[in-house]
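Q: Please see the structure below; I have some questions.
Just so it is clear, none of the values below were taken in a lab; they were calculated from the coordinates. Everything numeric in this text was worked out from a predicted model, so none of it was measured. Cβ sites come from the backbone with ideal geometry, for glycine too, and all protein chains shown count toward neighbours.
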Amino acid sequence: MKSITKKIVLLGNEGVGKTSLVKRFVHSIFNDQYLSTIGIKISKKTIQIEDTEVNLMLWDIAGNMMSKTLYQNYLKGAHGVFLVCDGTRPETYEAVIQEKDMHINVDFKESIAYLIVNKSDLMTEIDKNKLESSKVDFYTSAKTGDNVEFAFQRMAENFVDTNT
Amino acid sequence: MSQDMNQFEELRRLILEVDREENARKTDEIITKLDELEKELNDPDKFANVIQQSKAEVIDVLGPVMGKMIKKFISSEIEKLKEGIERKSKAIFSFEFLKRKIKSKMTGVSEEELLLSDSIGSSLLQVFAIEKDTGILIGTYSPKNILEADLVAGMLSAIKSFVESAFGEEDSELESLSYSNYKILLYNFNRYYFACVLEGIIDAKIKEELQDEFLNLADKELGSLSFKKIDGDIRKKVELALSKAFELKYGANFRADN
Ligand SMILES: Nc1nc2c(ncn2[C@@H]2O[C@H](COP(=O)(O)OP(=O)(O)OP(=O)(O)O)[C@@H](O)[C@H]2O)c(=O)[nH]1
Ligand SMILES: [Mg+2]
């Protein structure tokens, strides 16, 4: 079987659920406790897309490193970027929109960027109306698992399609 | 010789602190041996000759009581001592012998086995070839696959990238990391770098040998590969090249479990 390895970077403010998304995807677990990530945590998950084995290297970057100079280097060579926000906190949404438009789509054009609105399980209609739905790629919940696997799967499919 | 004396003094202190309670008799023996050695060292004429004769005994006593801490300390002390002595007296005796003796005691690998290899003071545990930007593993070689290679490659790259962006000057690259008795040497090339995990005494000779090996690899086997997209095929080729380069050369030096 063919085998490829790709790098996905997860960005977003503190507490939006990046680590929780990775844990849900890699280990199928969720924890209510908030343990802020220190620096970077790298995880790996292998999935199969048709006849290709896709190794996903997930770079989970601490939200408190949301300063361009610090994480710029970690984005280097990223094949995919997950820009994650917390659906109940509009300011985190504004932050990733800004990051996506001003930075990722400019300096990292080669990588596939998804805008992820997490904690969908907590979102009310009012919360949803505050976001521009056309800009959102996925609404996920690390808690219920809703859409999590699907989002990573989509990214992996993209890698396989573009990896010719 | 005063600097060397201090080092022996320190060595003695350290051994005493760690092992006195559990092994008073052994430590007394060590002190006696070190005292003898010390006395002889004060006589420069006899110096080389006597060490040649007595070092085996010293090490025989040291061996059983050597804990992890001491192991590290001795490694570094011998490194220093060796440098110091070579500079001062150009003594002809071989500290390689001493290192081998200690190593043999510590690892359970026979001296003869260790003798087979030239780079006696250290063992190479694992080699990685890693793409620079992405931190993606291009290939790895180790007889035992001690570490989760993909994750190590990523974390190493993250650390490297952090250090280089936080403290680095223009064009400077991280060259080594140390942890306890382990050292990770990094050899940087344009699009990828090699990381070598070693245990024990790493001297300039080993570093150079590895450098040559990697230059050679980069020039020949890896030079012809296109790393545009790292896939299973590339990984296989690189791992074959790495194992060819390191299996024979360092095979005998790989440490047995201890
Ligand atoms: N209800 C709910 N809670 C969530 C969800 N995702 C994460 N959380 C909670 O939100 C808190 C923060 O989650 P983390 O995954 O640690 O957040 P993070 O983005 O990694 O934070 P930093 O590491 O500080 O950048 C934790 O208490 C999680 O349990 C979700 O989908 N729904
Ligand atoms: Mg986190």
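Q: Using Cα pairs closer than 8 Å and at least 6 residues apart in sequence, work out the relative contact order for segment B:122-254, in percent.
A: The normalised contact order for segment B:122-254 reaches 31 percent.
Q: Can you give the % of DSSP beta bridges in segment A:1-96 that are antiparallel, to the nearest 5?
A: Values: 10 of 23 bridges.
Roughly 45 percent of the beta bridges in segment A:1-96 run antiparallel, per DSSP.
Q: Measuring from centroid to centroid over Cα atoms, what is the spacing of segment A:36-64 and segment A:4-21 in Å?
A: 7 Å
Q: Give me the one-decimal nm value for the distance between modelled label points at B:Lys237 and A:Met102, 7 Å along each residue's Cα-to-Cβ direction.
A: The two pseudo-label positions are separated by 4.3 nm.
Q: With just the Cα atoms defining each centre, how far is segment A:121-164 from segment B:177-202? Give it in Å.
A: Taking the Cα centre of each part, segment A:121-164 and segment B:177-202 sit 40 Å apart.
Q: Report the gain in length on full extension from A:Asp161 to A:Thr124: 0.36 nm times residue separation, minus Cα-Cα distance, nm rounded to one decimal.
A: Fully extending the segment from A:Asp161 to A:Thr124 adds 9.7 nm.
Q: Compute a Gaussian network model of chain A, connecting alpha carbons closer than 10 Å, and tell me which residue from A:Asn73, A:Asn55, A:Asn13 fluctuates the most.
A: Answer for the Gaussian network model of chain A: A:Asn73.
Q: Additional query: Looking at the P(r) of chain A, how many percent of alpha-carbon pairs lie beyond 22 Å?
A: Of all Cα-Cα distances in chain A, 38 percent exceed 22 Å.
Q: Right, something else. So how far apart, in nm, are the two label points at A:Arg89 and B:Phe227 if each is 7 Å from Cα heading toward Cβ?
A: Each label point lies 7 Å from its Cα, and together they span 3.8 nm.
Q: Set the bar at 30 Å for Cα to Cα. Now go through A:Lys7/B:Lys237; B:Lys132/B:Lys236; A:Lys130/B:Lys229; A:Lys41/B:Lys228; B:Lys207/B:Lys237; A:Lys45/B:Lys220 and name every pair that lies beyond it.
A: Listed pairs above 30 Å: A:Lys130/B:Lys229; A:Lys45/B:Lys220.
Q: Hey, another quick one. Normalising by the residue count of chain A, find the relative contact order in percent from Cα pairs under 8 Å and 6+ residues apart.
A: 27 percent
Q: For the pair A:Ile38 and A:Ser133, what calculated FRET efficiency results from E = 1/(1 + (r/R0)^6), where r is the Cβ-Cβ distance and R0 = 41 Å, to the nearest 0.05? Before the final figure, lay out each step's value.
A: Working: r = 34 Å, r/R0 = 0.83.
After rounding, the FRET efficiency stands at 0.75.
Q: Using the number of other C-beta atoms within 10 angstrom as an exposure proxy, rank A:Tyr34, A:Tyr139, B:Tyr182, B:Tyr187 with the fewest first.
A: A:Tyr34, B:Tyr182, A:Tyr139, B:Tyr187
Q: Let me ask something else. So if we plug the beta-carbon distance of B:Ser180 and B:Asn216 into 1/(1 + (r/R0)^6) with R0 = 30 Å, what FRET efficiency do we get, rounded to 0.05?
A: About 0.50, to the nearest 0.05.
Q: Related question: Check each of the trypsin sites (Lys or Arg not before Pro) in segment A:1-110 and keep only those in coil by DSSP with at most 12 other C-beta atoms within 10 angstrom; list them in order. It would help to have the intermediate numbers written out before the result.
A: Values: sites: A:Lys2, A:Lys6, A:Lys7, A:Lys18, A:Lys23, A:Arg24, A:Lys41, A:Lys44, A:Lys45, A:Lys68, A:Lys76, A:Lys100, A:Lys109; in loops: A:Lys76, A:Lys109.
In loop regions of segment A:1-110 (DSSP not H, G, I, E or B), the sparsely surrounded trypsin sites (Lys or Arg not before Pro) are A:Lys109.
Q: Work out the FRET efficiency for B:Asn188 and A:Thr46 from their Cβ-Cβ distance, taking R0 = 25 Å, and round it to the nearest 0.05.
A: Computed FRET efficiency for B:Asn188 and A:Thr46 comes out at 0.30.
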